[in-house]
Every structure is written in C-alpha cells, then in structure tokens.
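Notes follow the structure.
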There are 2 protein chains.
Amino acid sequence: MISAPYLLFLGDAPDGLAAKVAQGIRDWNPDVALGQFRMEGCKADMRLPDMTLDEAIAAGCKTLVIGVANRGGMISPAWIAVLKEALAKGLDIASGLHNLLRDEPELVAAAKEHGRTLHDVRIPSVKYPIASGVRRTGKRCLAVGTDCSVGKMYTSLAMEREMVKRGMKATFRATGQTGILITGNGVPLDAVIADFMAGSVEWLTPDNDADHWDLIEGQGSLFHASYSGVTMALVHGGQPDALILSHEPTRSHMRGLPDYKLPRLEDLRDVALTLARVVNPACEVVGISINTANLHEEAALEYLEATEKRMGLPTVDPFRQGAGRLVDALDAL
Amino acid sequence: MISAPYLLFLGDAPDGLAAKVAQGIRDWNPDVALGQFRMEGCKADMRLPDMTLDEAIAAGCKTLVIGVANRGGMISPAWIAVLKEALAKGLDIASGLHNLLRDEPELVAAAKEHGRTLHDVRIPSVKYPIASGVRRTGKRCLAVGTDCSVGKMYTSLAMEREMVKRGMKATFRATGQTGILITGNGVPLDAVIADFMAGSVEWLTPDNDADHWDLIEGQGSLFHASYSGVTMALVHGGQPDALILSHEPTRSHMRGLPDYKLPRLEDLRDVALTLARVVNPACEVVGISINTANLHEEAALEYLEATEKRMGLPTVDPFRQGAGRLVDALDAL
C-alpha cells in the first residue's frame, strides 16, 4: 500500500506521452495528486500546482510518484539528486519503471538513513498463495481483449467511476504497474511466478459483500502468443461473473506479433466464456468495449452500431460515450 | 546442463515412493545412472550397484543427483555431511527439492572451496526471452491433460523411447523438476516469471530438422483453476503440430480442488485445439493416453476401447500397451 497523497514527479519528460503514468493518476484518481514536480526542460504538464519538495510536504504529500518513463525504463542520473532530497525531506518514493529503485545504491542508502520506503510496483512484495478455486462471495467483472493494449484498464476504470457515481459498491483491482500507481495497490501480475499467478488474482479479489463488484484490470489476451498464460490466470483466478470484450478495430496485427491477425470478437467470446465457466458456470459476456480512438466520429459510431447488431450485446466506446450502458448490463445480471 | 553420468543419492528414504525421482531416472535414462548411494536405514533400492563416493568417482560419475524427497522437500541435516564430502571429492550436486542447495551455507561454502556446481533445478538458471510467436522449423507434440498428474510426462517419455527405437528423430523436452533430472536439462516452468513463460517454451524447443519431433512435457491442465496459465503458455509457446489428450478415468475431482469435476475428453479436445490453432493452424489432436493404473486389466481394456470408439482417435495406456499407436499417429501426420 502506497501512502497518499502524492506529488507527481514529471522529471524532464520530453513530451506528454512520456508522462502517461502521471496522466493516468490525474485522470482516474485526481484527489490523490496534490501537485506536480517538474525539472528544467520538462515538456509535460498535468495542470496541477507546480510544487517544490518543501511545498509538497507542507501540503501533506506522503509519496513522490514517478509519473514519467524514460526510454528503456531507466532512472535518469539527473533525477537521483531530486529523489535523494525527497527521501531526506520525508517522502516515500513509488515507481513502476523497469529499472528498480532498489537497484540504485544511493537511493537505498538515503531511504535507509531517513526511514523511508521505496515502492517498486513492478515487483511483487507479497508471497501469494496457490489458487484454491474456492468460490468467493461478491461479484467480479473482467475485461478480456482481442489483443494487448486495447483499452481494458480504461474500460474497467470508467465502469468503476460510473458505478461509484450511481452509489453501487465497486472497486477497480489493478493488475499492472500503471493501475497500481493509480490506486495505490494491486498485483503486478506479469512479474509473478507462474505457479502463483491465479492465486495472486484470488488474493486481490477476496470475499466481499454480495452486491459488491470488483472490476478486475485485464492483461494480455487469450489469443496473444506471448502473454496468454497471464490472461488465463486472470480468467481462472478472477472467477468472473461478467466478462467485457475489448477490441481496437483498426489494428492490422497483434501487438508485437506481425504474423498474427486479431481474432474475431465471436472467437474471443466463445473461448473466454468456455474457460471462465470452468470456475464460474454462471459467467456471462455482458458487453463490448471498443477503442475507436483511431476512427473519425462517424466511422466510430457506425462501427459500434454494426458490432452491437452483429453481436447482440451493448457495444460502446467508454471514452466517447461513457460506460453507462456497460454498467446497466452488469446491474441487470 | 547437468554433467553426466550420475550417482543416485537415495539418502535414508523411508520407502520406494520417496525415491520416485531416482526411479524416473532409472526407468527413463538408465545409462546415465552408474550407481546408487544409500545411507543407513534406506528402504529404497533402484537395483543399481551400491557405491561409495570414491567408487562412484572411480567409475566416472560427475554429479550426485538427489533422487529422494523428504517430507516438505527438506535437505535433511543427516545428508549434509555426505553432500559436503561429495563436493570435496569432486562431484557436482543436482536437486529438485523445494528447499534449495544454495540456501545451505555449508554446501555453498564447500562448493566454492572445491570449485563444484550446485544445480537447483527447481529454479530457472536462464534469462528467458519474451515469446515471439514466430514459426519454427521441426515438429512438436504436446501432451495436454484433463487434470494435473494424469501421466503426461510418462506418455511423452514413452513416445520418445519408441520413436528413437524406430530411428525417428525425437527429443523429450522437460518442463518439470523430475523431467529435468531425467534428461539433464529443461525449463522449470512453474518457477518462471509470468511474462517469460511462453518464451521459455520457445527457447526449449528451437528450430530443428524438418523431420525432428520435440515431445514436450505437459504441465497442469487448461481446466485446472490453479495452474491453467502455465498450461496455456505451453500451448502457445510450444506451437504444437500434434496434441495428445491425457486422462485418468477414476479420479472423482480435480487434483487439489475438491469442488471441481474433471472435464470430458471432448471438452479438452475442443478447447486445446482451438487455442493451439492460434499459433499453429495445422495442429491436430492425434491420440489419447489413458492412465489406467487404478483399473483392473479387463476394465482398463474396456474403457480404452469405448473411448477410442467414442472419440475416433487411437487410445492407449502406454504403460500397459506401449506408445506404438501414438507414434504411428504422429508418423501419419
């Protein structure tokens, strides 16, 4: 658990895209981010108050969150001085970078000296159990995709927001680095040891109130040759009552796999539902989330309408239209 | 790669079952095991020459392989003195126990002092790549089960033996601890980090002659709530041309999951084939391997015949009948 609230560290981000972790926190958990820290040359701006370390601490910040990714996931030498000063002044640090805070001797020494915590959210900090497959109370919804990076996290976050707005009990459950930094906790599933993957998802989504929904962040795809095992562990560890199918309609091949076409939504529906029903025979596919960012408005609406007609399921782009109809479908279960 | 030949260490095994790793090596790679080392009170016997450490070294042994499992996978204090002496005399040590050789300070010190290697085959020693999904030359056969521990390893080893006997090019590819100790190398798949599972299977089964078959050791089951992600990585990393379905017909529930019934062979066939064809559209299910150890001869033969008729596929118990008909089916592809 990462202590809130946060100061978002944007470093010397060359553009807004490099700060997409900060953007995710800003978009989905704005109350947690009190300010931003930008170094000279920083081209990203979250439209939060610029704060010095002292101002952030005075405002109540507990953790400096690295909201920017350098090329190669490095911790830039230019950052080290700032991060050491943050530790000395009493802030924890959280990072989802490939290169770990704990591998930087200067940061380790400073954290130890000042009694602060370094959170490397890319690495599990929990000894997860082997999955038991035992049914749990409460309800769970999982987004499964035709490919990686088609909008599964966005969909689940948008559904959580809509459900909370309606007074429903809902919790987004993060399974990736960005999601963990947005919510302050979760399981970095792609870094979990094979035998414990499904168990880590059970651990993340425990017994709950009968009318509570976990919105589980999806990962990979059952059809992605590199990561399908991770997705499978989500389907069986998550015991979903409801599945949302996620798709990006303009992609010419699977992400990182030039020889592989994306599956049809029908194929995803059939395979995902068959596998989910192994652990939860009542599981249903309740809706479809399409990422139409690469289509013009008219083409997007046409695609959504045609897909809804073809598949017989509520089909929306939550970014253009909100997640209301997907939540209606959950609510109707 | 573990240096051969081996001295099989049986320790103070309370019975033959405790020495099942030694039994696997004795059954499947007998040429590699020159002798056995038994301590006082040992109740297991591989019917190999009993050797002292000096005799084993004189006979050419390079590695002492721990062929026995204590309760809880422990390295017994009673063993430590023998293992230290083995290192001092020039033997490496290989172990598949849960408790690691490298966590025993006395063994680590002795190995360092004498320049010997400690092989903990439960832990990966290779930095595996992310799977690329690129098609490889050569052919691959994977055994997939309705459950864990239904005879997948036995089936693949029996097929390899039959194929080598016929002069076919075939290699058993180990993905578990016992298989690795039998063959001297492989991938301990259940201990691999999630993101690299499928990549480790690609690494294990690289490009090969067009008429060469890899017999890939299966793990878990696509229908096992705890381990299905591991199985999925085998299906997508292995790119199988042929699948063998494995089943144990007397089991009342999935291993370790009292609430779960085993799937039907039809369900396994359909799900496994659908998923395998994502990476290899030409994949076929070629045969069925049934572990009938818990049935009397007559009931076993009846079950095999009925299953063959129902499924329309060669159906054998390789232990009772050999793997010949499964190899015929591969050969006919």
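Being in contact with a Leu (Cβ under 6 Å, 6 or more places away or on another chain), farther than 23 Å from A:MET159 by Cα and either aromatic (Phe, Trp, Tyr) or buried (at least 17 other Cβ atoms within 10 Å of the Cβ) (or both) is true of A:VAL271.
Looking at segment B:49-93, which of the residues that are among the basic types (Lys, Arg) and within 21 Å of B:VAL121 (Cα to Cα) is most open to solvent (accessible area, probe 1.4 Å)? By that ranking, first place goes to B:ARG71. One residue stands out in segment B:300-333 among those that are in a loop (DSSP other than H, G, I, E, B) and in contact with a helix residue (DSSP H, G or I) (Cβ under 6 Å, 6 or more places away or on another chain): the one that is farthest from B:LYS139 (Cα to Cα), namely B:PRO314.
Please tell me if A:ARG102 is touching a Leu at 6+ places or on another chain (Cβ under 7 Å) and open to solvent by 40 Å² or more (accessible area, probe 1.4 Å). In short, yes.
A quick yes/no check of all residues on (1) over 17 Å from the mean Cα position of the chain (by Cα); (2) within 14 Å of chain B (Cβ to nearest Cβ); (3) surrounded by 15 or more Cβ atoms within 10 Å (Cβ to Cβ):
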residue	(1), (2), (3)
A:ALA109	yes, no, no
A:ARG122	no, yes, yes
A:SER125	yes, no, no
A:ARG135	yes, yes, no
A:GLY138	yes, no, yes
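Checked against (1) among the hydrophobic types (A, V, I, L, M, F, W, C); (2) outside any loop (DSSP other than H, G, I, E, B); (3) at pLDDT 95 or above; (4) more than 18 Å from the chain's Cα centre (by Cα), B:ILE130 passes all but condition (2). Looking across segment A:203-242 at every residue that is of a type in the set (Gly, Ala, Ser) and farther than 18 Å from B:TYR227 by Cβ, the one that is nearest to the chain's Cα centre (by Cα) is identified as A:GLY218. Here segment B:214-260 is the region considered, the condition is being touching a Leu at 6+ places or on another chain (Cβ under 8 Å) and without any contact (Cβ under 8 Å) to a residue 40 or more places away in the chain, and the residue that is farthest from A:VAL271 (Cα to Cα) is B:HIS253.
Going through (1) buried (at least 17 other Cβ atoms within 10 Å of the Cβ); (2) not in a helix (DSSP H, G or I) one by one, A:ALA282 falls short only on (1). Scanning segment A:191-241 for residues that are among the β-branched types (Val, Ile, Thr) and within 7 Å of chain B (Cβ to nearest Cβ) returns A:VAL192, A:ILE193, A:VAL230.
Counting only helices (runs of 4 or more DSSP H) that sit wholly inside segment A:148-265, those with at least 1 residues that are open to solvent by 40 Å² or more (accessible area, probe 1.4 Å) and of a type in the set (Lys, Arg) are A:152-165.
Quick one: is B:TYR303 of a type in the set (Phe, Trp, Tyr), open to solvent by 40 Å² or more (accessible area, probe 1.4 Å) and in contact with a strand residue (DSSP E or B) (Cβ under 8 Å, 6 or more places away or on another chain)? When the stated conditions are applied, B:TYR303 passes them.
I'd like to check something: does segment B:247-256 contain any residue that is away from chain A (no Cβ under 11 Å), under 27 Å from B:ASP211 (Cα atoms) and small (Gly, Ala, Ser)? No, because not a single residue in segment B:247-256 is away from chain A (no Cβ under 11 Å), under 27 Å from B:ASP211 (Cα atoms) and small (Gly, Ala, Ser). Look at B:ASP45 and say whether it is under 22 Å from the mean Cα position of the chain (by Cα) and open to solvent by 30 Å² or more (accessible area, probe 1.4 Å). Criteria met by B:ASP45. Condition first: open to solvent by 30 Å² or more (accessible area, probe 1.4 Å) and under 17 Å from A:LEU97 (Cα atoms). Now tell me which residues in segment A:22-42 satisfy that. Correct list: A:GLN23 only. Of all residues in segment B:271-283, those satisfying the criterion of being within 8 Å of chain A (Cβ to nearest Cβ) and without any contact (Cβ under 8 Å) to a residue 60 or more places away in the chain are B:VAL271, B:THR274, B:LEU275, B:VAL278.
B:TRP203 satisfies every condition listed in (1) more than 25 Å from A:CYS148 (Cα to Cα); (2) out of contact with any helix residue (DSSP H, G or I) (no Cβ under 8 Å at 6 or more places or on another chain) except (1).
Of the residues in segment A:106-119, not one is in a loop (DSSP other than H, G, I, E, B), of a type in the set (Asp, Glu) and farther than 30 Å from A:ASP317 by Cβ.
The values are calculated or read from the model by the stated rules, or taken from the named source; none is laboratory data. Every value quoted in this text rests on a predicted model; they were computed, and no experiment measured them. Note that we place each Cβ from the backbone using ideal geometry, even for glycine, and neighbour counts take in every protein chain shown. Note: areas computed on protein heavy atoms with side chains; ligands, DNA, RNA excluded. Shrake-Rupley method; radii C 1.70, N 1.55, O 1.52, S 1.80 Å.
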